[in-house]
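Report on the structure given below.
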Amino acid sequence: MKLVFAGTPEVAVPALDALIASDRHEVAAVVTRPDAPAGRGRRLVASPVAERAQEAGIEVLKPAKPRDEEFLARLREIAPDCCPVVAYGALLPKAALDIPAHGWVNLHFSLLPAWRGAAPVQHAVMAGDEITGASTFLIEQGLDSGPVYGTVTEEVRSTDTSGDLLTRLAFAGSGLLVATMDGIADGSLKAVPQPADGVSLAPKLTVEDAQVDWAAPALRVDRVVRGCTPAPGAWTVFRGERLKIIQAAPVPDRTDLAPGELSVAKNNVYVGSGSHAVELLWVQPQGKKPMRGADWARGVRIAPDERLGGGDAG
C-alpha cells in the first residue's frame, strides 16, 4: 500500500523505521507537528519523526492544524491507501479521515478499551497493571473508540518506569503496525468493534498529578514515582522548594517512620509513608542535577523535625 505516516515524538520512530523497511509498502510522506522551541535558546527544532523522515528522503508535511486546506489538498494529491498513526498529537478532522481508502490506523499503547487517552502507559503503571500492551485500531471521531485490528501484550515489570515500558511497547508495537498494514493490504484482517465493558480513561498527567502523597501506602508512592518518570516527574516539597523524585523503592521492614518523616543513614535516606518506608534512591533538587538520595540528604543536613511534603512549591 501507499502510506502516509503520522507521528511526532521519539516513541513513533521505531514504527516509522519498520514501515520504511517493509518491502510491501511505500511511505510516500510523513505528517508531523510543526517545529517547536526547545533547549535553553528556545530555537525551533523539528520533531524526531520529521528528522527521521528527512534522513530517509521522505516528504514531510507539518500543518499547523490538520484541517488546513493546503494540507488536505496535498494529502488528496498523494492519495494514500492508508495512514498509520503513532502519537501524532493533533485531532484529525473528518475531511482528513475520509481521504485514504483504508482510513487512518492508530497504534495505541494499551489493550483497548482500557486506557483510552493521551497517557495510557503512565496510567497503567500508576494503576498497578501487571499486563498491558498495544493495539491497532481504525480512527473514528470518538476518543480511541474505533474497531481494533490487532493487539500485542507486554508484562509490566515491578521496577518499570513509564519510560521503560513505553520504549518496549514502541518496538513491539512497530511489528504489530506493519502486520496490520499487511493484513489490510491483502484483505485478511478485519477490524473488530471494541467491547462496551472495560473502558478506562488515561488523560494527560498534570504536574499536580505527580505530587507524592506521603500519607498514601508505599506501594502507591512507588507507582506514582515510576508512572511519572520521565514525565511529568514525581515531586515533593522540602524547605518550600520542589524536590524531584527520580527513583525510589519501598522498604517493607521499616515501619517506624511517620508519613513524610526522614531517616538518614550513612548510604541511605528513608521517608515514611502511610504504610512502610520508602528509600529515596535518586532525587533532583530545584535548579540542580540529579543526585543519589543519600548525597542529597548529607548535603542539606536534615534536622530531626523536618519532613517531606506539606503544601505547594513554586
* Structure fact -> Of (1) within 25 Å of residue 32 (Cβ to Cβ); (2) surrounded by fewer than 24 Cβ atoms within 10 Å (Cβ to Cβ), residue 113 fails just (1)
* Asked: Just to be sure, is residue 79 modelled with pLDDT of 95 or more, open to solvent by 10 Å² or more (accessible area, probe 1.4 Å), touching a helix residue (DSSP H, G or I) at 6+ places or on another chain (Cβ under 8 Å) and more than 14 Å from residue 32 (Cα to Cα)?
  -> no
* Asked: Among the residues of region 21-57 satisfying the criterion of being among the aliphatic types (A, V, I, L, M) and open to solvent by 60 Å² or more (accessible area, probe 1.4 Å), which is modelled with the highest pLDDT?
  -> 21
* Structure fact -> Within region 162-193, the residues that are open to solvent by less than 30 Å² (accessible area, probe 1.4 Å) and not in a helix (DSSP H, G or I) are none
* To do: Check every one of the strands (runs of 3 or more DSSP E) wholly within region 207-301 and list those with 2 or more residues that are among the hydrophobic types (A, V, I, L, M, F, W, C), without any contact (Cβ under 8 Å) to a residue 60 or more places away in the chain and open to solvent by less than 10 Å² (accessible area, probe 1.4 Å).
  => 269-271, 277-285
* Asked: Taking the stated definitions as given, is residue 203 within 23 Å of residue 126 (Cβ to Cβ), of a type outside the set (Asp, Glu), surrounded by fewer than 19 Cβ atoms within 10 Å (Cβ to Cβ) and modelled with pLDDT of 95 or more?
  -> yes
* Scan region 58-70 for residues that are over 16 Å from residue 95 (Cα atoms) and open to solvent by 90 Å² or more (accessible area, probe 1.4 Å) and report the count. => 0
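The values are calculated or read from the model by the stated rules, or taken from the named source; none is laboratory data. Bear in mind that the values here come from a model prediction, so they are computed numbers and not experimental data. In this analysis, Cβ positions are derived from the backbone assuming ideal geometry, glycine residues included, and neighbour counts consider all displayed protein chains. Calculation scope for accessible area: heavy atoms of the full protein, side chains included, ligands and nucleic acids excluded. Shrake-Rupley method; radii C 1.70, N 1.55, O 1.52, S 1.80 Å.
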